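A.B. asks: My questions will all concern the structure given below.
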Amino acid sequence: MADHDDETPQAGSAVEKSEPLKVSAGTAVIPTDPFENPGEPAHHLRVTDIDPVEEKKAARQVSTLFFASIVFSCLAVAAYIAFPITPGDTGSIRLNNLFLGLGIALGLLAIGIGAVHWSKTIMPAREITEMRHGTRGSDATRAKAAEVFELGNKESGFGRRSLIRNSLFGALFAFILPGVVIFRDLGPKVDPNVVLRHTLWKKGMHLTLDPSGTRIKAADVTLGSAFHVIPESLLESEDLLEEKAKAAVLVMRLNPDDLNEPEGRENWQYNGIVAYSKICTHVGCPVALYEQQTHHLLCPCHQSTFDVTDNCKVIFGPASRPLPQLPITVDAEGYLVAQSDFHEPVGPSFWERDRA
Amino acid sequence: MKISPSAKLASSATKGARKSVGAKSKRTGRRSPLATVSLIVVGLLTTGGAYALFTSTATAETSTSSNSQATVNEGKKLFAANCATCHNVNGSGTEAGPSLVGVGEASVDFQVGTGRMPAAANGPQALKKPVQFTNEDIQAMAAYVASLGTGPSEPETKYLQANGDTAKGAELFRINCAMCHNVAGAGGALTQGKFAPALKGVTSKHIYEAMLTGPQNMPVFNDLNITPQEKADIITYLKYLEKNPSPGGFELGNLGPVSEGLFIWIFGLGAIVAITVWLTARSN
Amino acid sequence: MITTTTTTESQPTSYAEQGNAPVRPAKGMKFMGAAANYVDERTSISGLVKEVGRKIFPDHWSFMLGEVALYSFVVILLSGTFLTFFFQPSMAEVTYNGSYVPLKGIDMSAAMQSALNISFDIRGGLLFRQIHHWAALLFIAAIGLHMLRIYFTGAFRKPREINWFIGFVLFILALAEGFTGYSLPDDLLSGNGLRIIDGMVKGIPVIGVWISYLLFGGEFPGTAVVSRLYSLHIMLLPALLIAMLGAHLLLLIINKHTQFAGPGKTNNNVVGVPVMPVFAAKAGGFFFIVFGVIVLIASLFTINPIWNYGPYDPSPVSAGTQPDWYIGFADGALRLAPPHWEVVWGGYTVSFNILVPIVVLMGLLATVAFYPFIEGWVTGDKREHHILDRPRNAPTRTAIGAALMTLYAALWAAASSDLMATHFKLSLNQVIHVMQFLTVIGPFIAFWITKRVCLALQKKDREIVLHGHESGRIVRLPGGEYIEVHEPLTDYERWNLVSYNEYEPLMVRPNARGVVTPIERIRASVSGFFFEDRISPVTKAEIEAAHHDSHAEIDGGPGGKH
């Protein structure tokens, strides 16, 4: 485009004095015999330009819209008063929201449509041509600017006095450092790599129902059941949500014959009752969609699928590691208790996860 | 090993979809181990089930003989005509359908009462469709199936009045149900084409029975996990949602940010682009 | 910017003479004059008015998209300010006793409680929450569409590369604003969103755990994150956004608006309507329209019903847990990683299932951010470009855009894989496999198809320029032969089809020292990739040759001017 225009400056317009600076067109192909720009097509008059009746009509429409806007805004105020909120009644909020909103919206729209209609029908429609100047400053301006810098350099000795300059750079770098260090105390002083390894579960801790904290008898966990479980001490914990975010467990009962326990974990289940961490090993969503026929656990966030019969191995989705299993047994009264804490960190992987 | 009656509930649930699992295995091949597994489960449970009845502390009220013999006989006829092809004449199950011994009235009322049974076609799971039987017929079949072995009976009406504790029900719903059915009961996806259905418009009784019997892939929530009163609370919350549409206006299916995003792109930005076209079009 | 005034040379000397009747002095005129004098004597604002007041803006619908973003942002500022009067950014635990029955007696954070109170106890509170959230969605959607317009018309070329980059920074800031805002109510949905962020951050090698620890002030979820995000959401990010927006608009004024090619439009002029009064009325009216549309949507459609989600609790989760649409592409990328992409190297865990999606996203964003500089380097074109390209006339650029869009769309769609499965009765697993395929292969297919389509359209344009439109009129020649008469183009029509930029592939040439540098070699191969397949615009000579042929065929057919 530009190449044609460079050679055919437009209709009587003075080309910027600074513009005809020739710059490289790179690999652009410059036509030797370009077409001529035919210039702007003839301007078409609108109905409102020709017919004063139409113009008057348009003017009336615009003012009507503005008046309508006033009415709607007043209606919004009326709606604010006329539709109070009755506590506990969502229907009243719905009405308040609807009519207050409609009043405001129509008030705004009427202003907007009126203004646009005004500009389209009454204000002049003829397009105007304005010349562009090159973005680059003129040579004189640039020379002046360079001079300013040079003078600054000369008077300050910025370029010459290298000791001053370099020590300034050093100082400017160093002054940022406290600003970085000061953020250390955003988190507490303990090492997260230690904290992340421990949950509230420990030997003898009762498995209880979420949210009531009721203990669970093994016999009550019938085949096909899924129990959402928290450690008994959770409800007294000071950091309830933080501990729950690590300790939440899903208890399911399968037919013991369906379970393929790996070596050393045969006793982690009790009569087909297994407990697995609910926190996904991918990025930590609660994995709780238990399909009791297929024995699959699905994470609703990123669709990682775990096979409960196969030690919660990942069979689909982005997760990598099986869900950690909580070793469980029963106490003397038949209530489910943990044998120990999890034997590995629960939840998303982290850099030092597999360090001892 | 002791197997409780509600263990049998589970088996009934397993049965619900076993047919489809088995059928699908013909197509995909890799499904057959699951079918085998569920067959084994079903077999074990049905043989051991009856003896374990009285040893358990668990749960659902059971009923064996509250129905008259005439109803049972009527149900037996209906069963033979409509169900026996898959579930066998005595309800002991075949390759195509699980045993119904011990699944109880509640299962029959849910499966047949929502139209899921008789199943129309093989698929990932039996789908809800227009109910095929009258209420009396369903009751008769339920009575017959209940006579085959003890299982959960239909819920007491006092739990179905939706007059429980809404807040407690909402909390229990979020913990136990929302991950599959969505916080507003709009439903959600499960693996391999299965899904948790939307709960809007489902009757209180069917919601209760589903929790109690764990149809298809839904886990069982027996009365010791979620007590009858808690089930009533959950029903109360779901009915509250039905009765009280969102105060913010149309709900866009309650599907969360995806439907909101689609809406703003298609209708919000769509409308605005249409306006920009009007705005810049030459007027005549 | 050069200060010589040129307007007077292309326009009548006085603005009032441009076809308008002289302004009738009105009653208020005297007061206005005095007021203007008062202000000008203290601000010399007359210079600004003179400079900007009659600036010309070309009229095209797609030039309004940036304005949609700007106006949505203004609406966000207004509604957000209202919300801050009521919102408490605190994670202190309280027991809800407000008016929403299904949450009565439930423990939650003060943030969630105040968000519920805004929704249920303050008249218009819910409306303003919905306005704020809908406007935020519209804001980022409008930015996206605006960027696509800029990209596909080549408006990012010199001198606007820097403004493109500023626009990109605005886009990122908008995403950050969106995400921080989404997390504030501390409901179940946003809490799970934060949990995902926590999991992603922990997957960063070496420092991930520490970043998460510092961000959340300890273990997730902690009691600090909402107030920290709030500070970012209402102070730092808006301040940066406004500063960048200022720079963006200032550069727009300095560079003047681009325009589409057309008769009378050249690289040295800008044809359109003046700011005062036409553009001001249109743009001002448009602000009210955008505001009105947002309020209309907010009064009719629920957005983010936090009362359904309930307070955050690490144990529950809702089916269909998704981020707002603009974070969807990141969530989708996470979903698409295949299983078992985590390795332990020398005792350290490296989560490629998180790192690879992050790298893909960064690559996508970096390509977008730096594309103008890449294309400028490849073409070596240092001229200013104020005339927009039709997408077909830059086939490789358009095809790259289509490929990036496909990648984005596949990642975005993957974030709703579960909803697609339930609503189209598909298997979730199959949907994800299809999305994995589309993410990897889709961009290449889109590139190839788009490029072929562009070239075909260019060929069609050539055909039309050379032989005119098909008129549908069949004429029998004296020799008995039937032909269809082709109507020749008007000069105006032809100009639209022949006036475009063409580049040829770079030939590798040794530099002054007689060596071909490796960089130059790369540039040549990239240039080949860009410009090997090209359709040249029709030249005058070609047109004359074509006319010559047709004149020979159709006797007396209306000929062209040339």
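The values are calculated or read from the model by the stated rules, or taken from the named source; none is laboratory data. Note that this is a predicted model, so its numbers are computed, not measured. When we count neighbours, we look across all protein chains shown, and the Cβ atoms used for this are built from the backbone with ideal geometry, even at glycine.
A.B. asks: Among the residues in the range A:184-206, are any surrounded by 21 or more Cβ atoms within 10 Å (Cβ to Cβ) and at the interface with chain B (Cβ under 9 Å from one of its Cβ atoms)?
C.D. replies: no
A.B. asks: While we're on this one: Those residues that are within 7 Å of chain C (Cβ to nearest Cβ), surrounded by fewer than 22 Cβ atoms within 10 Å (Cβ to Cβ) and assigned to a helix (DSSP H, G or I), I need them from the range A:69-105; list them, please.
C.D. replies: Result: A:TYR80, A:LEU98, A:LEU102.
A.B. asks: Looking at this structure, is A:TRP268 modelled with pLDDT of 90 or more, closer than 25 Å to B:LEU224 by Cβ, not charged (D, E, K, R) and not assigned by TED's automatic domain parsing to the domain that holds A:PRO327?
C.D. replies: Values: modelled with pLDDT of 90 or more: yes; closer than 25 Å to B:LEU224 by Cβ: yes; not charged (D, E, K, R): yes; not assigned by TED's automatic domain parsing to the domain that holds A:PRO327: no.
Taking the combined requirement at face value, the residue does not satisfy it.
A.B. asks: Something else about it: Just one of C:ALA410, C:ALA415 is under 23 Å from the mean Cα position of the chain (by Cα) and facing chain B (nearest Cβ under 9 Å); which is it?
C.D. replies: Numbers: C:ALA410 fails: facing chain B (nearest Cβ under 9 Å).
None of the others qualify; the one that does is C:ALA415.
A.B. asks: Moving on. Would you mind finding the one in C:ARG149, C:ARG123 that is free of Cβ contacts under 8 Å to residues at least 24 places away in the same chain and within 26 Å of C:PHE287 (Cα to Cα)?
C.D. replies: Checking each option against the conditions leaves just C:ARG123.
A.B. asks: Which residue is nearest to the chain's Cα centre (by Cα), if the candidates are limited to the range C:427-438 and must be surrounded by fewer than 22 Cβ atoms within 10 Å (Cβ to Cβ) and more than 7 Å from chain B (Cβ to nearest Cβ)? Before you say what the answer is, go through the steps one by one.
C.D. replies: First pass over the range C:427-438, keeping only residues surrounded by fewer than 22 Cβ atoms within 10 Å (Cβ to Cβ): C:427, C:429-430, C:433-434, C:436-438.
From the residues that got through so far, the ones that are more than 7 Å from chain B (Cβ to nearest Cβ) too are C:430, C:433-434, C:436-438.
On the way: C:GLN430: 31, C:HIS433: 29, C:VAL434: 27, C:GLN436: 25, C:PHE437: 26, C:LEU438: 23 Å.
Residue satisfying both the conditions and the ranking: C:LEU438.
A.B. asks: Okay, next question. Hey, can you tell me all the residues within the range A:328-356 that are among the hydroxyl-bearing types (Ser, Thr, Tyr) and part of a loop (DSSP other than H, G, I, E, B)?
C.D. replies: A:SER340, A:SER349
A.B. asks: For the range C:321-353, how many residues meet the condition of being within 7 Å of chain A (Cβ to nearest Cβ) and under 29 Å from C:GLY98 (Cβ atoms)?
C.D. replies: Total satisfying the criteria: 1.
A.B. asks: Which of the residues spanning the range B:211-229 are part of a helix (DSSP H, G or I), touching a residue at least 40 places away in the same chain (Cβ under 8 Å) and surrounded by 24 or more Cβ atoms within 10 Å (Cβ to Cβ)?
C.D. replies: If the condition is that a residue be part of a helix (DSSP H, G or I), touching a residue at least 40 places away in the same chain (Cβ under 8 Å) and surrounded by 24 or more Cβ atoms within 10 Å (Cβ to Cβ), then B:LEU212, B:THR213 are the ones that fit.
A.B. asks: If the Cβ limit is 6 Å and pairs must be 6+ apart or interchain, which residue in the range A:339-351 that is under 20 Å from A:MET205 (Cα atoms) pairs with which residue that is outside any loop (DSSP other than H, G, I, E, B) and among the β-branched types (Val, Ile, Thr)?
C.D. replies: Close Cβ pairs satisfying both conditions: A:GLN339/A:THR329; A:VAL346/A:ILE279.
A.B. asks: So which residues in the range C:102-128 are assigned to a helix (DSSP H, G or I) and within 8 Å of another protein chain (Cβ to nearest Cβ), if there are any at all?
C.D. replies: To start, the set of residues in the range C:102-128 that are assigned to a helix (DSSP H, G or I) comprises C:102-103, C:110-120, C:125-128.
Listed by number, the residues that qualify are C:PRO102, C:LEU103, C:SER119, C:PHE120, C:LEU126, C:LEU127.
A.B. asks: Condition first: crowded, with 24+ Cβ neighbours inside 10 Å, out of contact with any Asp or Glu (no Cβ under 6 Å at 6 or more places or on another chain) and of a type in the set (Gly, Ala, Ser). Can you find one or more residues in the range C:342-361 that meet it?
C.D. replies: no
A.B. asks: Another one. Is it the case that A:GLU150 is outside any loop (DSSP other than H, G, I, E, B), within 44 Å of the chain's Cα centre (by Cα) and of a type in the set (Asp, Glu)? Spell out the reasoning first.
C.D. replies: Numbers: outside any loop (DSSP other than H, G, I, E, B): yes; within 44 Å of the chain's Cα centre (by Cα): no; of a type in the set (Asp, Glu): yes.
Spelling it out, it is not the case that A:GLU150 is outside any loop (DSSP other than H, G, I, E, B), within 44 Å of the chain's Cα centre (by Cα) and of a type in the set (Asp, Glu).
A.B. asks: Are there any pairs with C-beta distances below 7 angstrom linking a residue in the range C:256-277 that is touching a residue at least 24 places away in the same chain (Cβ under 8 Å) and of a type in the set (Phe, Trp, Tyr) to a residue that is surrounded by 19 or more Cβ atoms within 10 Å (Cβ to Cβ) and not in a loop (DSSP other than H, G, I, E, B), with the two at least 6 apart or on different chains, and if so which?
C.D. replies: Here the result reads C:PHE260/C:LEU388, each pair linking the range C:256-277 to a residue that is surrounded by 19 or more Cβ atoms within 10 Å (Cβ to Cβ) and not in a loop (DSSP other than H, G, I, E, B).
A.B. asks: Give the number of residues within the range B:230-271 that are out of contact with any Asp or Glu (no Cβ under 9 Å at 6 or more places or on another chain), in contact (Cβ under 8 Å) with a residue 24 or more places away in the chain and of a type in the set (Ser, Thr, Tyr).
C.D. replies: The total comes to 1.
A.B. asks: Filter the range A:313-334 down to the residues that are buried (at least 24 other Cβ atoms within 10 Å of the Cβ) and either farther than 14 Å from A:VAL287 by Cβ or more than 8 Å from chain C (Cβ to nearest Cβ) (or both) and list them by number.
C.D. replies: Passing the criteria: A:LEU323, A:LEU326, A:ILE328.
A.B. asks: Residues that are buried (at least 24 other Cβ atoms within 10 Å of the Cβ), modelled with pLDDT of 85 or more and in contact with an Asp or Glu (Cβ under 7 Å, 6 or more places away or on another chain), at least 1 per element: which helices (runs of 4 or more DSSP H) completely within the range B:131-190 meet that?
C.D. replies: Working: elements: B:135-148, B:166-176, B:178-181.
So the answer is B:135-148, B:166-176.
A.B. asks: Take C:ALA413 and tell me if it is crowded, with 16+ Cβ neighbours inside 10 Å, of a type in the set (Gly, Ala, Ser) and without any contact (Cβ under 8 Å) to a residue 60 or more places away in the chain.
C.D. replies: Numbers: crowded, with 16+ Cβ neighbours inside 10 Å: yes; of a type in the set (Gly, Ala, Ser): yes; without any contact (Cβ under 8 Å) to a residue 60 or more places away in the chain: no.
The answer is no for C:ALA413.
A.B. asks: Out of the residues in the range A:280-312 that are within 17 Å of C:GLU342 (Cα to Cα) and outside any loop (DSSP other than H, G, I, E, B), state the one that is nearest to the other protein chains (Cβ to nearest Cβ).
C.D. replies: A:THR305
A.B. asks: Shifting gears a bit: Where the second residue is among the hydroxyl-bearing types (Ser, Thr, Tyr) and the first is in a loop (DSSP other than H, G, I, E, B) and lies in the range C:483-506, which pairs have Cβ atoms under 6 Å and are six or more apart or on separate chains?
C.D. replies: Listed pairs, sorted by first residue: C:GLU502/C:SER536; C:GLU504/A:THR27; C:PRO505/C:SER527; C:LEU506/A:THR27; C:LEU506/C:SER527.
A.B. asks: Just to be sure before I move on: is B:GLY268 small (Gly, Ala, Ser), in contact with a Leu (Cβ under 6 Å, 6 or more places away or on another chain) and in a helix (DSSP H, G or I) in the structure I sent? So that I can check it myself, show each step before the final result.
C.D. replies: Details: small (Gly, Ala, Ser): yes; in contact with a Leu (Cβ under 6 Å, 6 or more places away or on another chain): yes; in a helix (DSSP H, G or I): yes.
Yes: the conditions hold for B:GLY268.
A.B. asks: Restricting the first residue to the range A:37-49 and requiring it to be part of a helix (DSSP H, G or I) and surrounded by 12 or more Cβ atoms within 10 Å (Cβ to Cβ), which pairs with a second residue that is at pLDDT 85 or above and of a type in the set (Asp, Glu) meet a Cβ separation below 7 Å and a spacing of at least six or different chains?
C.D. replies: From the range A:37-49, the pairs are A:VAL47/A:GLU54; A:THR48/A:GLU54; A:THR48/A:GLU55.
A.B. asks: Just one of C:ASP186, C:ASP198 is without any contact (Cβ under 8 Å) to a residue 60 or more places away in the chain, touching a Ser or Thr at 6+ places or on another chain (Cβ under 7 Å) and surrounded by 22 or more Cβ atoms within 10 Å (Cβ to Cβ); which is it? Talk me through it step by step, then tell me what you get.
C.D. replies: Details: C:ASP186 fails: without any contact (Cβ under 8 Å) to a residue 60 or more places away in the chain.
Of the residues listed, the single one that is without any contact (Cβ under 8 Å) to a residue 60 or more places away in the chain, touching a Ser or Thr at 6+ places or on another chain (Cβ under 7 Å) and surrounded by 22 or more Cβ atoms within 10 Å (Cβ to Cβ) is C:ASP198.
A.B. asks: Can you name every residue in the range C:153-205 that is under 13 Å from the mean Cα position of the chain (by Cα), within 21 Å of C:MET244 (Cβ to Cβ) and assigned to a loop (DSSP other than H, G, I, E, B)?
C.D. replies: Across the range C:153-205, the qualifying residues are C:ALA155, C:PHE156.
A.B. asks: For the range B:147-172, what are the residues that are facing chain C (nearest Cβ under 9 Å) and touching a Phe, Trp or Tyr at 6+ places or on another chain (Cβ under 6 Å)?
C.D. replies: B:THR166, B:GLY169, B:ALA170
A.B. asks: Every residue in the range C:206-237 that is part of a helix (DSSP H, G or I), surrounded by fewer than 21 Cβ atoms within 10 Å (Cβ to Cβ) and among the hydroxyl-bearing types (Ser, Thr, Tyr), please.
C.D. replies: If the condition is that a residue be part of a helix (DSSP H, G or I), surrounded by fewer than 21 Cβ atoms within 10 Å (Cβ to Cβ) and among the hydroxyl-bearing types (Ser, Thr, Tyr), then C:SER227, C:TYR230, C:SER231 are the ones that fit.
A.B. asks: If a residue has to be under 17 Å from A:PRO31 (Cβ atoms) and of a type in the set (D, E, K, R) to count, how many in the range C:457-490 make the cut? Don't jump to the end; show me each part of the working.
C.D. replies: Filtering the range C:457-490 for residues under 17 Å from A:PRO31 (Cβ atoms) gives C:458, C:461-462, C:465-466.
If we keep only those that are of a type in the set (D, E, K, R) too, we end up with C:461-462.
Selection size over the range C:457-490: 2.
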